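Just below is one structure, and these are the notes that go with it.
The values are calculated or read from the model by the stated rules, or taken from the named source; none is laboratory data. What you see is a predicted model; the values in this text were computed from it and never measured. With ideal geometry, Cβ positions are generated from the backbone for all residues, glycine too; neighbour counts draw on all protein chains shown. The area values use the complete protein model at the heavy-atom level, side chains included, leaving out ligands, DNA and RNA. Shrake-Rupley method; radii C 1.70, N 1.55, O 1.52, S 1.80 Å.
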Amino acid sequence: MRGATTGFNWDSSKKGGWYNSLKTTIPELASSGITHVWLPPPSHSNGTEGYDPGRLYDLDASSYGNKDELKSLIATMHEKGIKAIADIVLNHRSAVKQDENGIWSIFEGGTEDGRLDFNASLICRDDNDHPFGTGNPDTGDNFPYTADVDHTNPRLQTELSDWLNWLKTDIGFDGWRLDYVIGYGSSFTKLYMEKTSPEFAVAEYWRWNISKGQDGKLDKNQDAHRNEIVNWIEAAGGVVTAFDLTTKYILNVAVEGELWRLKDSNGKPPGLIGIKPESAVTFIDNHDTWSQGLLPFPDDKVLLGYAYILTHPGTPSIFYDHFFDWGWPKESIRNLTAIRARNGINSRSSVTILAAEADLYMANIDDKIIMKIGPRLGLGDLDPTKSNFHVATSGQDFAVWEKN
């Protein structure tokens, strides 16, 4: 099984000693079938959460802990067979000093030899929120809060790649979670992937362009949304995966009595996992969607969400809060990850949808397990126990059966 978990939430940076705290959870994560842990941005930052990076090589100024604590955490993860995924912010940088005119336009990399030190010449000249830049025009969407860097600059490409490789060789990271990739051209993601060869990488390609009707509800057909993600993945070289935002949007509303949404016009899952599952990372919530309230999953339906993503193709990711802070979902999540591992369910598993109605969704995965979510109790001829399956785990409005 390949399964991931987020190793933080939006408030983790404010709690002090986060790396050391997370280190104590690694044995439990390993025993729960977790293979990858997504760690927060490791560098000095103008914001405590790490998403406004300044001195990229300075890992001692992080709010989550210092460099030695981070290396110790990663070493502990590796001892338990868990890969460390770094949250990487390449789109923008925070200045650390003002120039002679009082403009915050001096950027430092955090080394004595000047690596990643630069000025306005490496900031996009069309960044209207930071109008001092003299570099080439931006190749993606503008990030309004921090200066967008010029990824067309060969020096920047080399030095960012060198920094990423340093995170691998000196710190121990195995892969990347790429933040805000809509901010720069997909060809640069391809370049950084080629120059750093991560064991695993997932991109945050998130646009708020989900299709809705005049009533404000999601349209049933979200092919355009997921196809845009597929197009980006292929333009970025086809190796990097992406968060399955299409499934996230649909699942959020489907569990509220609209489970018919979980079947597309071709009889397949309607999200990215329905057309390119090997490139999809599915999730219920994360530090953005839940912690900041940007797209929160219905809290009383969380286990329905996990019963879906932990039995379906794609690479499922578990939110830290759901597993540790909430407490009550943990045992059910552990049961679901064990079923996934026991039956070899993977990113390319096949799905046969047996029912997709308002109060019932059922699917057969790889002809090894059958899962059900929704409040309907009477399954009639769909009852898996009538066809050589037995109940492996169940809870409020969900169940999973394994083949006898």
In whole percents, the bins of 20 Å from zero upward hold the Cα-Cα pairs of the chain as 27, 55, 17, 1
Counting only protein heavy atoms with a 1.4 Å probe and every protein chain in place, the carbon and sulfur fraction of the accessible surface of the range 4-349 in whole percent equals 45
For Asp162, placing the label point 7 angstrom along Cα-to-beta-carbon and taking the range 39-66, residues whose amide nitrogen sits under 13 Å are 57
Residue separation between His390 and Ser72 times 0.36 nm, minus their alpha-carbon distance, gives in nm 110.2 nm
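Students often check this: by mean Cβ neighbours within 10 Å, which of 22-30, 88-96, 380-388, 147-155 ranks highest, and how do the rest follow?
88-96, 147-155, 22-30, 380-388
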With the 1.4 Å probe rolled over protein heavy atoms, the range 4-349 has an accessible area per residue in Å² of 37
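At 222 nm, what value in deg cm²/dmol follows for the chain if DSSP H runs of at least 4 each add -39500 (n - 2.57) and the sum is divided by all its residues, to the nearest 500?
After summing the helix terms and dividing by residue count, I get -7000 deg cm²/dmol.
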Rounded to the nearest 10, the angle in degrees between the Cα long axis of helix 223-235 and the longest principal axis of the Cα atoms of the chain comes to 50
For the chain, the longest principal axis of the Cα atoms and the Cα long axis of helix 67-79 enclose an angle in degrees, to the nearest 10, of 30
In the range 164-227, the chymotrypsin sites (Phe, Trp or Tyr not before Pro) that sit in a DSSP loop and have at most 16 other Cβ atoms within 10 Å of their own Cβ are Trp208
Computed over the chain: longest principal axis from alpha-carbon atoms vs helix 186-196 long axis, angle to nearest 10 degrees, is 80
Of all DSSP beta bridges having both residues in the range 4-349, the percent classed as antiparallel (nearest 5) is 25
